[in-house]
Amino acid sequence: MTVSTSSRLRTAVVLTSAGLAAVGALVAAGPAAVAHTGSTATSSAHRPSEPKQAVATGRGGAVASVDLDASRAGIATLRHGGNAVDAAVATAATLGVTEPFVAGPGGGGFMVVYLAKQHRVLTIDGRETCPAACSPGLFLENGQPLAFEEARHSGLAVGVPGMVGTWAQAVRRYGTHRLSADLQPAIRRAEGGFRIDDTFVQETNESLADLQAFTSSRELFLRHGQPLPVGTLLRNPDLARTYRMIARHGPRYLYDGPLAGAIARTVQHPPVWKGTPLTVRPGIMTRKDLAGYHAEEPAPTHVRYRGNDVYGMPPPSSGGSTTGEALNILSGYDMSGESRALALHHYIESLRYSFADRNRYVADPDYVDVPLHGLLDRAFAATRRCLITDTAATSPVAPGDPYPPYTGCPSTGTASPSTDHEQSTNNIVTADRWGNVVAYTNTIEHFAGTGMTVPGYGFLLNNEMTDFDFAPSDPAVPDVNLPEGGKIPRSSMNPTIVLRNGHPVFAVGSPGGATIITTVLQILINHIDFGMSLEDAIAAPRVGNFNTPASFAEQAFLDTPVAKTLQDEYGQQFSVVTGVTPLDSEIGAATGLELLSHHRFRADAEPVRRGGGSALVVDPGRPGR
Ligand code: GLU
């Protein structure tokens, strides 16, 4: 039996008893030494001298991302005097070139920064906003919500991109370089091109129909309407020019210059290919919406967990609050002392209750009164923990009451269903020789966003507005996450920095929609409670729960003896994630880094998922040093 847990989940979830669905064949031809470019070809291809590696240890600073070229851009920036903020921006801009389906100037994200000199953690909220004309009916037609896929490739789905605003603000306030310097590696990569690999082809296939629907995307990312073969050299001179203009004129080129006009035009009059069977609805973004964009700097979330200070992203992301609440619940258990099965049972149950509260309360705090203080209060967590027994609860469990005086063990009420989707995001972590640390999760939402490339500018537009609820799911439950003019949709992005005794010890983050939260939480408990190295914690098989009866899991987790114990002794049920391409069977290609003693760093990228990430350090030193 195949169950899809939400309309937007293209990954099928198959009950374990039914076994794994067949994994579809990849549309990946053999290597081809062919150059593909949106317009003119330029210089020769870059060939990385070192292979992609998931772990690197050394001095001088570190970078981990989902891509070797992008991590190299970050390292080059550190070597040339940039700090961790500059390196994060250089890495993100390069990802816009080499990972255009999960990154780039058409998207947004959240950055958490530890500033060593000021000894403080800050955040930058560079999430996309809904245009001023947005209303709760944004995704309704004849009173009915659009299907996710229909909404996703529409102009309606596009939020005002926050990416370039974030980069400019981060570098201006906290960097040591200028934005123009940080963009240089990305400009070079866009001009020189990069070789398409298997993962790129899989990502193209995830969104092929959407890319096929737009003339500008067909031209840049497809050949005769089909994915570019593995080995193709993809150059993007349009994006190189876009970055060069941003380098010269600053972010106003995008928000108040020619590019603002091009974005608004693309949203209002999408460049639809006449042969597409898709219905493409125009959007409502204007130049004025772009001109009004500002990245914000809300205070980070903070919880103490077993002597660690865990800092994360506050609303409109639900990352920090949901992880924080779950950690507060788990702090009442002896996670390292109890059996692994019982500890994982507690982990899953903590997620059930935290997600019930997330879904009910967390949204854009400029529009909704989010009880963040309560959600992060240990006394509130105690009212959730007391509901947990040695048998899995029946989800959906009701949200709690995160307002003082937090008494009793309330368990009545109605819960709205949880949502879930793919892992089309990326996480960057950087650290520099001065001790600054950055965790930066950013995205264009779905793989390839809307599928719409801004003609002549070389990047895809996000579909972030589909993170809003399209309609209240239950009339009895207030829906805090409906579209409104200027509002930001709830996110799950969860860049996290952990301090111990006042010093940063590690940073982590992940892609994966709502599984971002479960992935980061699982990595935290793997590392802090179960004593795994960060490398092993990132690689470990994933399991999680969004307040659904069955927890979702990778097959590798279900193959472990502990999964059977959880089912037999604790009444947990599981669904396996699977789908058409290998990407659909994976949860969370995370990245992290650790600050070791003697000014050494270890960068930890995902070893396998999404083709494996890239961890690099500035100075790897000699072996054994
Ligand atoms: N849009 C999602 C969020 O903000 C992230 C996209 C993804 O990872 O699929 O939570």
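Listed by first and then second residue, the pairs linking a residue in the stretch 127-152 that is of a type in the set (V, I, T) to a residue that is assigned to a helix (DSSP H, G or I) and modelled with pLDDT of 95 or more, with Cβ atoms under 8 Å apart and 6 or more places separating them unless they lie on different chains, are T129/D289. Among the residues of the stretch 577-603, those identified as buried (at least 23 other Cβ atoms within 10 Å of the Cβ), of a type in the set (A, V, I, L, M, F, W, C) and within 26 Å of S424 (Cα to Cα) are V577, I587, A589, A590, L593, A603. Do we find a residue being surrounded by fewer than 22 Cβ atoms within 10 Å (Cβ to Cβ) and under 22 Å from the mean Cα position of the chain (by Cα) anywhere in the stretch 393-412? No - not one qualifying residue is present in the stretch 393-412.
Residues considered: T425, T453. Of these, the only one that is buried (at least 21 other Cβ atoms within 10 Å of the Cβ), under 16 Å from the mean Cα position of the chain (by Cα) and either away from the ligand (no atom under 16 Å from the Cβ) or at pLDDT below 95 (or both) is T425.
Taking the criterion of being more than 14 Å from the ligand (Cβ to nearest atom), crowded, with 24+ Cβ neighbours inside 10 Å and not in a loop (DSSP other than H, G, I, E, B), the residues of the stretch 96-130 that qualify are G96, V97, T98, V112, V113, Y114, T123, I124. Scanning the stretch 225-253 for residues that are crowded, with 19+ Cβ neighbours inside 10 Å, in a helix (DSSP H, G or I) and among the hydrophobic types (A, V, I, L, M, F, W, C) yields L239, A240, I246, A247. Taking each residue of the stretch 496-524 that is under 22 Å from E99 (Cα atoms) and looking for partners that are among the β-branched types (V, I, T) and in a loop (DSSP other than H, G, I, E, B) with beta-carbon atoms closer than 9 Å, six or more apart or interchain, yields S510/I587; P511/V66; P511/V102; G512/I587; G513/T419; A514/T419; T515/I587; T519/I587.
Any residue in the stretch 215-224 that is more than 15 Å from A240 (Cβ to Cβ), of a type in the set (V, I, T) and in a helix (DSSP H, G or I)? Among the residues of the stretch 215-224, at least one is more than 15 Å from A240 (Cβ to Cβ), of a type in the set (V, I, T) and in a helix (DSSP H, G or I), which makes the answer yes. Filtering the stretch 474-487 for residues that are away from the ligand (no atom under 16 Å from the Cβ), closer than 30 Å to A76 by Cα and modelled with pLDDT of 95 or more leaves an empty set.
Return the total of residues in the stretch 141-172 being of a type in the set (S, T, N, Q) and part of a loop (DSSP other than H, G, I, E, B). Of the residues in that region, 2 qualify.
Of the residues that sit in the stretch 279-304 and are touching a helix residue (DSSP H, G or I) at 6+ places or on another chain (Cβ under 6 Å) and in a strand (DSSP E or B), which one is surrounded by the most Cβ atoms within 10 Å (Cβ to Cβ)? Ranking the candidates gives T301 first. Annotation: W434 fulfils all but one of (1) within 16 Å of the ligand (Cβ to nearest atom); (2) outside any strand (DSSP E or B); (3) hydrophobic (A, V, I, L, M, F, W, C); the unmet one is (1). You will find that of I488, I444, the residue that is surrounded by 23 or more Cβ atoms within 10 Å (Cβ to Cβ), out of contact with any Phe, Trp or Tyr (no Cβ under 6 Å at 6 or more places or on another chain), among the hydrophobic types (A, V, I, L, M, F, W, C) and more than 30 Å from R235 (Cβ to Cβ) is I488 and no other. Consider the stretch 505-546 and keep the residues that are part of a loop (DSSP other than H, G, I, E, B) and within 16 Å of the ligand (Cβ to nearest atom). The one that is surrounded by the most Cβ atoms within 10 Å (Cβ to Cβ) is S510.
The values are calculated or read from the model by the stated rules, or taken from the named source; none is laboratory data. The structure displayed is predicted, hence computed values, not measured ones. Glycine gets a Cβ as well: all are built from the backbone with ideal geometry, and neighbour counts include every protein chain shown.
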